[in-house]
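Enquirer: One structure, as structure tokens, below. Some questions next.
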Amino acid sequence: MISFTETGLQQEILDAVHELGFETPTPIQAKTIPHLLSSGQDLIAFAQTGTGKTAAFGLPVIHLTDVRSKNTQTLVLCPTRELCMQITRDLSDFSKYLKPLNVVAVYGGASIENQIKALSAGAQIVVATPGRAKDLILRKKLQLRNVERVVLDEADEMLSMGFKEDIDEILASTPKNKQISLFSATMSKEVTAITRKFMNDPIELSVAPKNTGAENVEHLYYMVHSKDRYEVLKRIADMNPSIYGIVFCRTRRETSEVAGKLMNDGYNADALHGDLSQAQRDEVMGRFRQRQLQLLVATDVAARGLDVTDLTHIINYNLPDENETYTHRSGRTGRAGKTGTSIAIIHTKETGKLKDIAKRSGITFKKEAVPGGKEICQKQLYALIDKMENVEVDEKQIEPFLPSIYEKLAWLDREELIKRFVSAEFNRFLSYYKDSRDLNVSESSRERSDKSERKNRKERGQTREVSFTRLYISVGSKNRVNPGRLIGMINEGLDSSDAEIGRIEILKNFSFIEIEDQMANAVVKALNGNSYDGESLLVEISKEKPAFSPKSKSKPSKSKDFNSKKSAFKPEKGKRNGNGSRRKNRY
Ligand code: AMP
């Protein structure tokens, strides 16, 4: 492997790098730095956060900057405010001996006036989130006509957050003759489209195989009933006394519920979600970084940009909608040469989804049995004994109390003493797990219970007449919603797939979906205010009369299983699903 000195970077940059304690380039740095220093050819690099990618593009960008000119020569686009500030801090550190080199961060959610001032003082490198960059371009405060290099960092995240149009427009306002470097953890269709549209014969550099999870991450799953998810989470935490991880939930409501329950049950946990103010989010992230919190319960959106390198566990309390999100989640552990564990808590109907993730991401999942009470107690007990063995004794502080303690306990022999000290610490655990249930569900037992449920229904002649309520949902085809995702969203919100679903109509900006009357309010409550595709969902009972034939309400045609109907179920965008049958809400 080459050394930093061999790369030919300026001495001032090498000094800064040395001061930061970087001894040898990371694999992605070893590949990208020589390329970016010697060639103007566009570059695609597959690299996750934690691989040293900021220095991989940052060091050459700084080296190539003409500090005598105040023009903006490099634009770095990244998905979040956190990441934007992090990159700016890193680039400022790398260039601290190269004055006057100004790196300016511009991002949403902060005063635009201050950012305009900073830009007008001259910024050779601008690090921006796409929305704010576009705004500043429109106001003519961000001048890109002299830009020679554009870096798209975490391109897949930017695109999945819906910044495609912004990126298109920003790139269109940069000079034709420039170098684009794109960094992405995964190669989605959207990323490929950007590379095709804007990049010219790019060289592809990769340090990990495309679309795979980090090699040192073990992927496990537990199969349980939906209602037992929280209990399983607790068992995972109890089984791993030094756990330091993120628990990913799908909705803000679920995030605060799970974090609230964990806190109540005495765990070092807190929630991170979009309903918190920026100051609250910073505070929670600060406590997590300092390890005052062991478990951070977060939504995907809120956890973006949180850069913590030594997580032991990622827990998927629920599987994400998008397969790629799983890769992003699990890629947050097993960094910097350490090993990590990514756990998915799933129910039997999610095996297909898990298989899909495994296939597309090249990940192998191992099914694990949820630990039982005895196993957990044993683990906790040994952790306690280890703690006792290794505890630091402050002789000076404790000395004055010891004589009276010895005197008081003189009647107990060694064995009795140990028993009592351990019990004092451990009784809570023993009693909690005394009669604990087996939470594991086998695939075959679930199939059996599904079959018998269907049989029972048939025997009871249950061709239940269902009448539907029509719901308005504020996302549509522009948010890449399709019937499957809507049904998935409802199942997850209700944490069951029991609600009957009628017709689904997807329009550009919003959708309508028929839900059996009894479940309509529960769906509204479960989904309203959740975040979807970066937007806050508005879900309400539609005031409009259904445009559909009333026939479907009073006399639904034969009930059909969603899976069995799947292939025939392809409504065109903007048109209602015209088959008229209602389906059992399986997904
Ligand atoms: P990044 O992927 O850019 O977020 O970097 C992840 C972490 O690795 C950051 O804390 C960097 O400071 C650190 N880092 C980057 N390059 C090196 C290197 N060559 N040697 C040691 N640490 C590094």
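We did not get these values from a lab; they are worked out from the coordinates using the rules stated. Computed from a predicted structure; not experimentally measured. Here Cβ is always computed from backbone atoms with ideal geometry, including for glycine, and neighbour counts include all displayed protein chains.
Enquirer: Could you tally the net charge around Asn528, taking each other residue with its Cβ under 13 Å from the Cβ of Asn528, Lys/Arg +1 and Asp/Glu -1?
Expert: Combined, the nearby Lys, Arg, Asp and Glu give 0.
Enquirer: In whole Å, what is the distance between the alpha-carbon centres of segment 471-493 and segment 250-268?
Expert: Cα centroid to Cα centroid, the span is 25 Å.
Enquirer: Could you tell me which of the pairs Lys261/Lys374; Lys234/Lys379; Lys189/Lys508 are separated by over 18 angstrom between their Cα atoms in the structure shown?
Expert: On the way: Lys261/Lys374 23 Å; Lys234/Lys379 14 Å; Lys189/Lys508 21 Å.
Checking Cα-Cα distances, Lys261/Lys374; Lys189/Lys508 exceed 18 Å.
Enquirer: Per-residue HN-Hα couplings for segment 231-239, Karplus 6.51 cos²θ - 1.76 cosθ + 1.60 at θ = phi - 60°, whole Hz, x for Gly and Pro?
Expert: 4, 5, 4, 4, 5, 4, 5, 5, 6
Enquirer: Given a Förster distance of 60 Å, report the FRET efficiency between Glu23 and Ser542 from their Cβ-Cβ distance, rounded to the nearest 0.05. Write out the running numbers ahead of the final one.
Expert: Numbers: r = 62 Å, r/R0 = 1.04.
After rounding, the FRET efficiency stands at 0.45.
Enquirer: Rounded, prolate or oblate: which one fits segment 381-432, using the alpha carbon gyration tensor with axes a ≥ b ≥ c (rounded when a/c is under 1.5, else prolate when a/b beats b/c, else oblate)?
Expert: Working: a/c = 2.38, a/b = 1.39, b/c = 1.72.
Oblate.
Enquirer: Kindly give Rg over Rh for segment 278-322, based on alpha-carbon atoms, with the Kirkwood expression for the hydrodynamic radius. Before the final figure, lay out each step's value.
Expert: Working: Rg = 11.1 Å, Rh = 11.6 Å.
Rounded to two decimals, Rg over Rh is 0.95.
Enquirer: What is the local net charge at Gln292, summed over the other residues whose Cβ is closer than 12 Å to its Cβ (Lys, Arg +1; Asp, Glu -1)? Mind dumping the intermediate values first?
Expert: On the way: positive: Arg287, Arg289, Arg291; negative: Asp270, Glu283.
Residues close to Gln292 contribute a combined charge of +1.
Enquirer: With Kirkwood's inverse mean 1/r over C-alpha pairs for Rh, give me the Rg to Rh ratio of segment 1-131, two decimals please.
Expert: Dividing the radius of gyration by the Kirkwood radius yields 0.95.
Enquirer: While we're on this one: Convert each backbone phi in segment 276-290 into a coupling constant with the Karplus relation 6.51 cos²θ - 1.76 cosθ + 1.60 (shift: θ = phi - 60°), then list the ³J(HN,Hα) values in order as whole Hz, x for Gly and Pro.
Expert: 7, 6, 4, 5, 5, 4, 4, 5, 5, 5, x, 5, 5, 4, 7
Enquirer: Then there is this: Between the DSSP loop rule and a limit of at most 13 other Cβ atoms within 10 Å, which GluC sites (Glu not before Pro) in segment 136-224 are left?
Expert: Numbers: sites: Glu148, Glu154, Glu157, Glu165, Glu169, Glu190, Glu204, Glu215, Glu218; in loops: Glu148, Glu154, Glu215.
Passing sites in segment 136-224 are Glu215.
Enquirer: Further question: For segment 381-432, with the dipole built from +1 on Lys and Arg beta-carbon atoms and -1 on Asp and Glu ones, taken about the Cα centre, which of Phe429, Gln397, Trp411 lies farthest toward the positive end?
Expert: Phe429
Enquirer: To continue, here is another question. So how much slack lies between Phe401 and Glu535, counting 0.36 nm per residue of separation and subtracting their Cα-Cα distance, in nm?
Expert: Details: separation 134, 0.36 × 134 = 48.24 nm, distance 5.96 nm.
Stretched out fully, the Phe401 to Glu535 stretch lengthens by 42.3 nm.
Enquirer: Between rounded, prolate and oblate, where does the chain land on the alpha carbon gyration tensor, with a ≥ b ≥ c its root eigenvalues, rounded for a/c under 1.5, else prolate if a/b exceeds b/c?
Expert: Working: a/c = 2.12, a/b = 1.09, b/c = 1.94.
It comes out oblate by the Cα gyration axes.
Enquirer: In the chain, what percentage of the DSSP-assigned beta bridges are antiparallel, given to the nearest 5?
Expert: On the way: 18 of 71 bridges.
Antiparallel: roughly 25 percent of the beta bridges in the chain.
Enquirer: Pull out a ≥ b ≥ c, the square roots of the eigenvalues of the alpha-carbon gyration tensor of segment 75-127, then state rounded if a/c is under 1.5, prolate if not and a/b is larger than b/c, and oblate in the remaining case.
Expert: Working: a/c = 2.24, a/b = 1.23, b/c = 1.82.
Oblate is the answer for segment 75-127, as a/c is 1.5 or above yet b/c matches or exceeds a/b.
Enquirer: Further question: Could you order the peptides 9-18, 53-62 from most to least packed, using the average number of other C-beta atoms within 10 Å per residue? Walk me through the numbers before you get to the answer.
Expert: Values: 9-18: 16.8, 53-62: 26.7.
Ranking, from highest mean packing down: 53-62, 9-18.
Enquirer: Sticking with this structure for a sec: With only Lys, Arg, Asp and Glu charged, each at its Cβ (+1 for the first two, -1 for the last two), find how big the charge dipole of segment 381-432 is about the Cα centre; round to the nearest 20 debye. Intermediate results must be reported in sequence, preceding the final value.
Expert: Numbers: 7 positive and 11 negative charges, 57 e Å.
So the dipole magnitude of segment 381-432 works out to roughly 280 debye.
Enquirer: Continuing with this model, one more query. Work out the charge dipole of the chain with +1 on the Cβ of Lys and Arg and -1 on the Cβ of Asp and Glu about the Cα centre, then indicate which of Gly109, Asn482, Thr255 is farthest towards its positive end.
Expert: About the Cα centre, the residue reaching furthest to the positive side is Asn482.
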